[in-house]
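Before any comments, here is the structure.
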Amino acid sequence: MIRHRDITEGMGEWALLGVPIYTLSSYRGMGDAPIVLRSAGMAEAFGSPFDYGDVEIPRLNRDLAERRTKNLTHFRNATSLTYGRTKASKQERLLVLGGECSETVGVMAGLAEAYGGKPGMLWLDAHGDFNIPETSPSGYVGGMCLAFACGMVSGLDLGTGHAPPPLAGERLVHVGSRALDPPEVVAFNASPAKLFTAQQVRKIGAADVAEEAARHLDNRSDWIACHLDVDVVDPGLIPAVNYPTPGGLTTEETSLIIRKLIATEKVRVLELAAYNASKDKDAASAKTIVELMKSVLD
């Protein structure tokens, strides 16, 4: 039986928090991800008896362009709610069941205040999420959220008050990309972040990439977050995503990379994002994701 507690009650163990954010009205299925993943057995598979429920984010029913960004006000409000929940957390380690990748902005800003110190981030994703409003080809927040978390946009209220950006480029490792926009390539080249494309993972080997990523973050960070956009996995294995991109990692490679990071004993946050429940009528992708997350703790 899953018991629910307030997030301010520190347990010292893993706990679950749902952040059902999505920033395009057509991506409503991403907002259903936390409840569907719970129904697929995520809590039981992960071994955590405590579930803090979901951040209560309003549904988005229509789209509005604002300052070259779609649904900026909705994103800001959702981020503020998420930030408020996570900054109140105690000595928890959180498994965040996200909708869209943009959950990371509120989660990381809040936890940076709660935990202090210098956080590092392993970002597993087929895409860069490293655009800014001036370079984004679509205005989609989900394609800019990592740049937002790294403080690459100034003068934009993101719903976290005056909190400083939680991430620094030298403590960011991005793994699995295979669909970077040209401005993102420029931005990564100008950043101290480490980037391992899916092609490089295949060439170097997942084990060596895992070792280098873990060592890099361990040496530079007081604590570490791992963000898993499930589209980093090949869509032949997890097809229920908005942007299926061939040439992805296997579930075994993905699990190996995350397990190596967990072995540093600095991982405080696992963020799971980009699963679209509306594209998973038989729940096959949900079951694969649950098995993947279970395997990272084996």
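The values are calculated or read from the model by the stated rules, or taken from the named source; none is laboratory data. Because the structure is a prediction, the values reported are computed rather than measured. Glycine also receives a Cβ, built like all others from the backbone with ideal geometry; neighbour counts cover every protein chain displayed.
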Report task. Can you confirm whether the stretch 223-239 contains a residue that is closer than 24 Å to Leu272 by Cβ, surrounded by fewer than 16 Cβ atoms within 10 Å (Cβ to Cβ) and modelled with pLDDT of 95 or more? Result -> yes
Query raised in the report: Taking the stretch 120-143 on its own, how many of its residues are over 18 Å from Asp231 (Cβ atoms) and buried (at least 24 other Cβ atoms within 10 Å of the Cβ)?
Result: 1
Query raised in the report: From Leu272, Leu292, Leu261, which residue is assigned to a strand (DSSP E or B), in contact (Cβ under 8 Å) with a residue 24 or more places away in the chain and either within 19 Å of His127 (Cα to Cα) or under 16 Å from the mean Cα position of the chain (by Cα) (or both)?
Result: Leu272
**Report entry** Residue that is nearest to Ala114 (Cα to Cα), among those in the stretch 153-168 that are out of contact with any strand residue (DSSP E or B) (no Cβ under 9 Å at 6 or more places or on another chain) and of a type in the set (Gly, Ala, Ser)
**Finding:** Ala163
Query raised in the report: Does any residue in the stretch 39-65 that is touching a residue at least 40 places away in the same chain (Cβ under 8 Å) come within less than 8 Å, Cβ to Cβ, of a residue that is part of a loop (DSSP other than H, G, I, E, B) and of a type in the set (D, E, K, R) six or more places away or on a different chain, and which pairs are these?
Result: Ser48/Glu13; Phe50/Arg5; Phe50/Glu13; Tyr52/Arg5; Tyr52/Asp6
Report task. Would you be able to say whether some residue in the stretch 63-86 is closer than 18 Å to Ala274 by Cα, more than 17 Å from the chain's Cα centre (by Cα), surrounded by fewer than 19 Cβ atoms within 10 Å (Cβ to Cβ) and at pLDDT 95 or above? Result -> no
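Rundown of residues vs (1) of a type outside the set (Lys, Arg); (2) under 21 Å from Cys226 (Cβ atoms); (3) touching a helix residue (DSSP H, G or I) at 6+ places or on another chain (Cβ under 6 Å); (4) surrounded by 24 or more Cβ atoms within 10 Å (Cβ to Cβ), yes/no style:
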position	(1), (2), (3), (4)
Thr251	yes, yes, yes, no
Thr254	yes, yes, no, yes
Ile262	yes, yes, no, no
Tyr275	yes, yes, yes, yes
Report task. Need at least 2 residues that are under 26 Å from Ala114 (Cα atoms) per element, so show me which helices (runs of 4 or more DSSP H) inside the stretch 177-243 make the cut, counting only ones lying wholly within it. Result -> 206-220
Requested in this report: Answer with yes or no whether Leu158 is at pLDDT below 95, buried (at least 23 other Cβ atoms within 10 Å of the Cβ) and under 17 Å from the mean Cα position of the chain (by Cα).
Outcome: yes
Requested in this report: Go through the stretch 102-161 and count every residue that is part of a loop (DSSP other than H, G, I, E, B), free of Cβ contacts under 8 Å to residues at least 40 places away in the same chain and within 23 Å of Glu92 (Cβ to Cβ).
Outcome: 0
Query raised in the report: What are the pairs, 6+ residues apart or on separate chains, where a residue within the stretch 235-249 that is within 15 Å of Ala198 (Cα to Cα) has its Cβ under 7 Å from a residue that is assigned to a strand (DSSP E or B)?
Result: Gly248/Gly176; Gly248/Val233; Leu249/Gly176; Leu249/Val233
Report summary line: Going through the stretch 240-267 in order, the residues found to be within 21 Å of Ser278 (Cβ to Cβ) and of a type in the set (A, V, I, L, M) are Ala240, Val241
